[in-house]
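This report concerns only the one structure given below.
The values are calculated or read from the model by the stated rules, or taken from the named source; none is laboratory data. As the structure is a computational prediction, the values presented were derived from the model and not from experiment. Note that we place each Cβ from the backbone using ideal geometry, even for glycine, and neighbour counts take in every protein chain shown. Heads up: the accessible areas ignore ligands, DNA and RNA and are worked out on the full protein's heavy atoms, side chains in. Shrake-Rupley method; radii C 1.70, N 1.55, O 1.52, S 1.80 Å.
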Amino acid sequence: MNLYYYLIVVNLMAFALYGIDKLKARHHWWRIPEWVLLTVAAIGGSIGAWVGMKCFHHKTLKPLFRFGVPVVLLLQIAVLAYKFFLSQ
């Protein structure tokens, strides 16, 4: 059950970070480093990152984000599927 709470929090955080970075980009403010955005996606926030990219139209042209975030998402889905369906 703790995994569910963790995933909810990290995905909300990823979504918020992508929105905040888009706001900062529009106003030419100090930006959130790309490694932070990618790390949050990699530690379980890939759904929030992907939805944030789509909602805010942010980082969608950068290949590392355009292809990297969906690949991380698919890997995370595969790990969760293995954990919950095949390991029992």
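For this structure, a couple of remarks:
- Residue within segment 3-14 that is touching a helix residue (DSSP H, G or I) at 6+ places or on another chain (Cβ under 9 Å), surrounded by fewer than 13 Cβ atoms within 10 Å (Cβ to Cβ) and not in a helix (DSSP H, G or I) present: no
- Within segment 40-61, being hydroxyl-bearing (Ser, Thr, Tyr) and surrounded by 13 or more Cβ atoms within 10 Å (Cβ to Cβ) holds for one residue alone: SER46.
- Look at segment 53-70: where a residue is more than 18 Å from ILE20 (Cα to Cα) and of a type outside the set (Val, Ile, Thr) and a partner is open to solvent by less than 90 Å² (accessible area, probe 1.4 Å) and part of a loop (DSSP other than H, G, I, E, B), sitting 6+ places away or on another chain with Cβ atoms under 7 Å, you get ARG66/THR60.
- Check on LEU64, open to solvent by 60 Å² or more (accessible area, probe 1.4 Å) and not aromatic (Phe, Trp, Tyr): yes
- Checking the stated criteria, VAL79 turns out to be surrounded by fewer than 12 Cβ atoms within 10 Å (Cβ to Cβ), free of Cβ contacts under 8 Å to residues at least 40 places away in the same chain and part of a helix (DSSP H, G or I).
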